[in-house]
1. Place the peptides 286-293, 300-307 in order of packing, highest mean first, counting for every residue the other Cβ atoms within 10 Å and averaging per peptide.
2. Output the peptides 127-137, 217-227 sorted from most to least packed, where packing is the average of other Cβ atoms within 10 Å over each peptide's residues.
3. At a Förster distance of 30 Å, what's the computed FRET efficiency of His312 paired with Arg169, Cβ-Cβ distance as r, to 0.05?
4. Would you kindly state how much longer the chain becomes between Asp326 and Gln24 on full extension, computed as 0.36 nm times their sequence separation minus their alpha carbon distance, in nm to one decimal?
5. Would you work out which of Ile248, Ser271, Pro223 lies farthest towards the positive end of the dipole of segment 180-323, given +1 charges on the beta-carbon of Lys and Arg and -1 on that of Asp and Glu, about the Cα centre?
6. Assuming a ≥ b ≥ c are the square roots of the Cα gyration tensor eigenvalues, decide whether segment 2-64 counts as rounded (a/c under 1.5), prolate (otherwise, with a/b larger than b/c) or oblate.
7. Under 17 Å Cα to Cα from Lys328, which lysines show up? Leave out anything in the same chain fewer than 8 places away.
8. Find the relative contact order for the chain and round it to a whole percent, using C-alpha pairs within less than 8 Å whose residues are 6+ positions apart.
Amino acid sequence: MQLVINTPGTLITQKDGIFRLKNQDKRFDVSPLKVESIVITNKAMLSTQAVALSLEHNIDIVFLDGYGDPVGRVWFAKTGSTAMIRRRQLTAEVNGEKGLALVSDMISQKLDNQFQYLKKLMYARPGKEAQFEKPLATINQSIEELKDLEARDENIRNRLMGYEGTAGRAYFQCLSQLFPEKYRFSGRSRQPAKDPFNAVLNYCYGILYSRVEKACILAGLDPYVGFLHTDNYNKKSLVFDLIEPFRIFAEQSAVYLFTGRKIKDDYFDVSENAVSLNTQGKPIVVESMNTHLEESVRYRRKNVKRKHIIQHEAHRLANILLADEDEKRPEWLEIKEF
């Protein structure tokens, strides 16, 4: 499980090889054998003994900021990576054939997820098909245009992001119309969020970012070397790339909270230019996201938890990079969410 610390003032230490969490008169013990990672979302105190216990059991510690974005982590020193994977990763630039194929796969899967999700929502709302027709057509057109991209096109990055952006605007505009009137929004806003939905979605994405980064590291991939997003100092470009096919996990969790009327105004702090989740809202969102990731879905003819699919696909990406040019390319991104 993922151990999430979202109560300010929590002390995390260890006692007899067990994690011990204390907050005022409350105490909670948990075995490290049951913990995959520790996520700290608020002010907490972490003992060196707890850190040592985490490292001993290869449990990484992730720190999130107020928006739910990972700002740092502590992990086991042996990442399991190989120099060959990283060398191949560096050469798979987006203007090359392999880089273009990988980027196109990731964005195509993302757009297909958006398309299929809107269709699922449409079928659940008989009589309202008309409000879905134009967004579905826009997303489908972007998917088709992706197929026609040329590897040698010097504007390949801009074209990819353009198709992705066009589809995204249609997608989120359609989602907004499904919400209760007071929670409708006018597009994506990130830092800061300008409405409750974006505050929730950003937080869900933050949880997902930490899982994708961990999957990269365990697969031997360098989180800082991406194919689409430009390589900047201290920018985890591959994480920004690889999260794309899995964003649907966060989006489904966030949408359900609003369409299922699980959200309350009390869950947010509102200022003149920003909306953020408070200490009442964060546990609700974390529980929803983790429950969704724990669910099993069909994946390569097996029932697999969504959270494990991310790791499987990161390993498949590493195998694609390691494969020689004359080898049959390993299959990947078989995410049959709908």
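1. On the way: 286-293: 18.5, 300-307: 12.8.
Peptide ranking by packing, descending: 286-293, 300-307.
2. Working: 127-137: 13.1, 217-227: 21.0.
Going by the mean number of other Cβ atoms within 10 Å, highest first, we get 217-227, 127-137.
3. The pair His312/Arg169 has a calculated efficiency of 0.45.
4. On the way: separation 302, 0.36 × 302 = 108.72 nm, distance 6.21 nm.
Result for the pair: 102.5 nm of gain on full extension.
5. The residue sitting farthest along the positive end of the dipole is Ile248.
6. It comes out oblate by the Cα gyration axes.
7. Answer for Lys328, where 17 Å is the Cα cut-off: Lys98, listed by chain and number.
8. Here the relative contact order equals 16 percent.
All of the numbers you see were taken from the coordinates with simple rules; none came from a lab. Just so it is clear, the model here is predicted, and its values are computed rather than measured. Glycine also receives a Cβ, built like all others from the backbone with ideal geometry; neighbour counts cover every protein chain displayed.
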